[in-house]
Amino acid sequence: MVSGTYRCPVLDLNVPGGNTIDLTVSQGGVNGFGGVTVEVCDGTTQTWQAEVTTFGEPAFTTGRASALASGLVFARDPAGQEVTLRVDLRDTRIRIRG
C-alpha cells in the first residue's frame, strides 16, 4: 500500500474521461504498479492510498524507492469551462516503511 497527498483547485470532476493516475513504484529490481483515483478537487490537500502490485518478483523491503505517476484529470472549472490537468511526476524519491 502506498499513500500520499495531492491538491488541485476547485473543480467539478463529474465529467466523462476518468481521473485515474497510473503509479509505478521501483526499488532495486522490484517494480510495482497501481492507480490513484482523484476524487475531490476543492482547493484543499487530499490524501490518497493505492495498492501497488508486483508480478512474479520479490516483495518490496523497508527503505528507499522511487515513484513515477502520470495521467490526466478531466474536469470543469466554476465557470463551466472544461479543464484537463496533466499529472507527470518523474523519479520521485519515497521511503517504504515496514
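Against the numbered list (1) in a strand (DSSP E or B); (2) at pLDDT below 95; (3) surrounded by 11 or more Cβ atoms within 10 Å (Cβ to Cβ), Ser70 comes up short only at (2). If you go through region 80-95 one residue at a time, do you hit one that is in a loop (DSSP other than H, G, I, E, B) and free of Cβ contacts under 8 Å to residues at least 40 places away in the same chain? Looking through region 80-95, at least one residue is in a loop (DSSP other than H, G, I, E, B) and free of Cβ contacts under 8 Å to residues at least 40 places away in the same chain. Is there a residue in region 33-45 that is under 15 Å from Val87 (Cα atoms), touching a residue at least 60 places away in the same chain (Cβ under 8 Å) and surrounded by 13 or more Cβ atoms within 10 Å (Cβ to Cβ)? Scanning region 33-45 turns up no residue that is under 15 Å from Val87 (Cα atoms), touching a residue at least 60 places away in the same chain (Cβ under 8 Å) and surrounded by 13 or more Cβ atoms within 10 Å (Cβ to Cβ).
In the condition set (1) within 15 Å of Val2 (Cβ to Cβ); (2) assigned to a strand (DSSP E or B), Thr61 is compliant with all but (2). For residues in region 73-98 being under 13 Å from Leu11 (Cβ atoms) and surrounded by 14 or more Cβ atoms within 10 Å (Cβ to Cβ), which is farthest from the chain's Cα centre (by Cα)? That would be Arg76. It is to be established whether one or more residues within region 13-33 are assigned to a loop (DSSP other than H, G, I, E, B), among the hydrophobic types (A, V, I, L, M, F, W, C) and under 17 Å from the mean Cα position of the chain (by Cα). Yes, region 13-33 contains at least one residue that is assigned to a loop (DSSP other than H, G, I, E, B), among the hydrophobic types (A, V, I, L, M, F, W, C) and under 17 Å from the mean Cα position of the chain (by Cα).
The values are calculated or read from the model by the stated rules, or taken from the named source; none is laboratory data. Given the structure is predicted, the values throughout are model-derived calculations rather than measurements. Here the Cβ is made from the backbone with ideal geometry for all residues, glycine too, and neighbour counts use every protein chain on show.
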